[in-house]
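Here the structure is laid out as structure tokens; the discussion comes afterwards.
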Amino acid sequence: MTAMQPLVWDIPGGIHPPERKQLSNRTSIQSAPLPKRLVLPFNQHIGAAAEPLVELGQRVLKGQLIAAANGFVSAALHAPTSGTVSFIGPQPYPHVSGMLAPAIVIDSDGLDQWCELTPCPDYRHLENSRLLEMIRQAGISGLGGAGFPAAVKLNARPTQKIHTLVINGTECEPYITADDLLMRERTEQLISGIDILAQLIQPDQVLIGVEDNKPEAIAALRAALNERSYQLRVFPTKYPSGGEKQLIQILTGVEVPSGGLPADIGILCQNVGTCKAIHDAVVLGKPLISRITTLTGEALARPMNVEVLLGTPVGELLEFAGLDRGKLNRLIMGGPMMGFTLPDFDVPLIKTTNCLLAATSAELPPPPPAMPCIRCGECAEACPASLLPQQLHFFAIGQEHEQLKAHNLFDCIECGACAYVCPSSIPLVQYYRAAKGEIRDLEQKQLKAEQSKQRFELRQERLRRAEEQKEAERKARAEKAARAKAAQAEAPASTDGAQTAKPAGLSDELKKLKIEASMAQVALKKAEKQLAAHTTPELQTQVDQLRNAATAAQQALDAAMAASPPAAAPAADDGALKKAKIDAAMLRAQLRKLEKLEAPDDDQQAELARLRQQLETAEKALIDLQSQTAPTAKAADDSALKKAKIDAAMLRAQLRKLEKLEAPDDDQQAELARLRQQLEAAETALTAAEAAAGKPAPTLLRTDKQPTDDATRSLKTEVAFARADLRKLERDESSATDTLTAARQRLAEAEQKLQEHAD
Ligand code: SF4
Ligand code: SF4
């Protein structure tokens, strides 16, 4: 450390209000008593509020993380003592408005029990990222009053290397002595914190700025700096030398550009209290849960500096310092120049609380009523930022935001020097704060409106592109359809106007032939089995016929399979063909009905003649239509055939059931007649459907049925019914023995009759 007087520069403006620091700087730092209840607002810093991590009723230990940093510009929160979380929600917040803010309330258990800490005295081997993370996890925000998260400030990417680290020990505001006492009594920790910062930043120089009204602190620092190259620069006391930009100008002679940051000119500034907190976080592993705060003012019996837990109610602290409520006129958080009036005692102490000033009316009398500006210019002379406070005042009254910005309103550090010297007692700073708020709100709204506009325009653009794409696709489809139509128009010319057969036609035909060949095989095998069991001439004849039919069906299938796919076979009008078939079938049915008459009268004879003629014409038309149709292209109406088969089978079954009746009554007789008539019509329709389906071997089915006469069919049916009834009774455990015996007897008799008939 050099013994030479360091070089310092002066700043424009500035004032010399009564310092009143002696009130609180004569005693050493006290420990505030452990409060029973601590209130910890989520937001005690600049940036996003912390996110709570604890639940109601949860026990927490001293130093335990209770709320995490929520975003890049945010700071964590830790339990200042051990106890129980008794409330999470709105609580009084230290603000001039007396507003509430979300907070965690901890009821102390009086044990003050620490959680497990991770000290790192040998931090020099740590990577910068690890050091930064330790500072971030400790929830340190600037303790000089601004409350900007320290880790964010250290992690910022400046446009150029940080060549100068400035340590702010100025504490220029009247009454406040917290940093003074910290520099005096926590010197080693402070220097250790600067060492950590120096390791992180690797600056070319470290400048410690202290006003000359703190001789004890200066002496302590000089002694502690020892061999270190850090430069302690002492300069004349003047308010507001402690402003970041002002101190940088005093120590380096360089002015931070309007609207810029110290990092823009390669300088980083940290408060001495923040340096000490960084030491605690890294070397001791302790998060920020307490701070040194000045308790001062003539309404206190024992003004002092206390090391106090965050969240301690202001009222309790003031009681500890001997508050005389009768004397108290105004309670200020911060100093008399930049602090703000607290509306009540219930608010908690937070990270940025460097002073509680309990002032009497004598020491801080109410300001006289504001008078009109007399344009004396005193304010401009006092302004450390070289602004024109009276102009700003006029622009603020007129809400001339552009003018305010043009006159560098945002360079105003709200030091209050202008208001302090104003002979008209105009509360200038209040105007500036209000104007800044208005402009920020307006800009925020404009930003949102701009973002909305951009989103709207992007959406419109998206919709436009989507519509264009749809239109292009529509056009492509239309062109494709036109091309297909043109191709279709050309195709018939090559086939003499005939339509092209569908490839699926052959496939359907083949399928049908396969089914028929398969059915013929099944019928043959069944008959062969019966022949093997009971060799009779009739069965032998039936097997021979079935074999012939199966061979014919297989030959038809083989021929169709061997044939190549149909090449544009002309297809007849399927609808007309079907109609012709049905017409012919209907005429045939009518004709058969009349032909059954044994002695038709004249009219019936005439009708017969007419029907025969019509049938002849219909069959001729049908043959013509069939001749126009390629056999493979005539797809049979399988579903109509199937339906006709089912109808006929159902009628047969109903008829059989009724025929079993030994003595049918009149209604049953009528029903029998009706069913026989319906069956006859159904069989006629079935024949027509088979013809319409172009069934290749219709005789196959008839061959299967022809040998079975009515008597045989009836006997077989009786056997089947008798067998089914017996099985049903056998399955039923409750069936009587007599009933079972009778059922077995019935089956035996039926089988015997059938056998006798067959023989
Ligand atoms: S000091 Fe007060 S009266 Fe004088 S110019 Fe400034 S605002 Fe006006
Ligand atoms: S409050 Fe603003 S305008 Fe007034 S002296 Fe301070 S910096 Fe200048």
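If I histogram all Cα-Cα distances within the range 30-359 using bins 10 Å wide from 0, what percent of pairs lands in each bin? Per 10 Å bin, starting at 0, the Cα pair percentages come out as 6, 27, 35, 24, 7, 0. Rg and Dmax, both from the Cα atoms of the range 717-758 and both in Å, are 10.9, 36.
For the chain, the per residue solvent-accessible surface stands at 53 Å², with DNA, RNA and ligands left out and a 1.4 Å probe. If one computes the Cα centroid of the range 720-751 and of the range 199-238, what distance in Å separates the two points? Centre-to-centre (Cα) distance: 120 Å. Note on the range 52-92: Rg/Rh from C-alpha atoms, Kirkwood Rh, equals 0.99.
Quick one: what does P(r) look like for the chain with 20 Å bins over all Cα pairs, in whole %? Calculated P(r), rounded to whole percents: 12, 28, 11, 5, 12, 21, 10, 0.
Relative to one another, the C-alpha centroids of the range 531-565 and the range 6-50 are positioned 114 Å apart. The angle between the Cα long axis of helix 602-628 and the main principal axis of the chain comes to about 50°, on a 0 to 90 degree scale. Averaging Cα coordinates gives a centre for the range 91-126 and one for the range 366-434; these two points are 38 Å apart.
For Lys470, a cut-off of 18 angstrom between C-alpha atoms picks up these aspartates and glutamates, skipping any fewer than 8 places away in its own chain: Glu461, Glu479.
Given the pairs Lys511/Lys620; Lys578/Lys643; Lys405/Lys445; Lys660/Lys728; Lys578/Lys620, which span a C-alpha to C-alpha distance of over 24 angstrom in this model? Where the Cα-Cα span goes over 24 Å, the pairs concerned are Lys511/Lys620.
Only loop residues by DSSP count here, and only those with at most 14 other Cβ atoms within 10 Å; note down the chymotrypsin sites (Phe, Trp or Tyr not before Pro) in the range 89-176 that meet that. Passing both the DSSP loop test and the Cβ count: no residue. Based on the alpha-carbon gyration tensor of the range 90-206 and its eigenvalue square roots a ≥ b ≥ c, which shape applies: rounded if a/c is under 1.5, prolate if not and a/b is larger than b/c, or oblate? Prolate, because a/c is 1.5 or more and a/b exceeds b/c. Relative to the longest principal axis of the Cα atoms of the chain, the long axis of helix 215-225 lies at roughly 60 degrees.
For the chain, leaving out every one of the trypsin sites (Lys or Arg not before Pro) that falls in a DSSP loop and has at most 15 other Cβ atoms within 10 Å, the longest unbroken run is 376-595. Its relative contact order, with pairs defined as Cα atoms under 8 Å and 6+ residues apart, puts the chain at 11 percent. Here the chain has 54 percent of its accessible surface on carbon and sulfur atoms, given a 1.4 Å probe and all protein chains in place. Taking every DSSP bridge with both residues inside the chain, close to 60 percent are antiparallel.
Within the range 67-166, the GluC sites (Glu not before Pro) that combine a DSSP coil assignment with at most 12 other C-beta atoms in a 10 angstrom radius are Glu116, Glu127.
For the chain, the longest principal axis of the alpha carbon atoms and the long axis of helix 638-659 meet at an angle near 60°.
A simple charge model with +1 on the Cβ of Lys and Arg, -1 on the Cβ of Asp and Glu and nothing else charged puts the dipole of the chain at about 920 debye relative to its Cα centre.
Note on the range 333-395: percent of Cα-Cα distances in each 10 Å bin, starting at 0 and stopping at the bin with the largest distance, equals 16, 33, 32, 18, 1.
The values are calculated or read from the model by the stated rules, or taken from the named source; none is laboratory data. Here the structure is a predicted model, which means the values were calculated and not measured. A quick note on method: Cβ atoms are made from the backbone with ideal geometry, for glycine too, and the neighbour counts reach across all protein chains shown. Note: accessible area is taken over every heavy atom of the protein model, side chains too, but ligands, DNA and RNA are not part of it. Shrake-Rupley method; radii C 1.70, N 1.55, O 1.52, S 1.80 Å.
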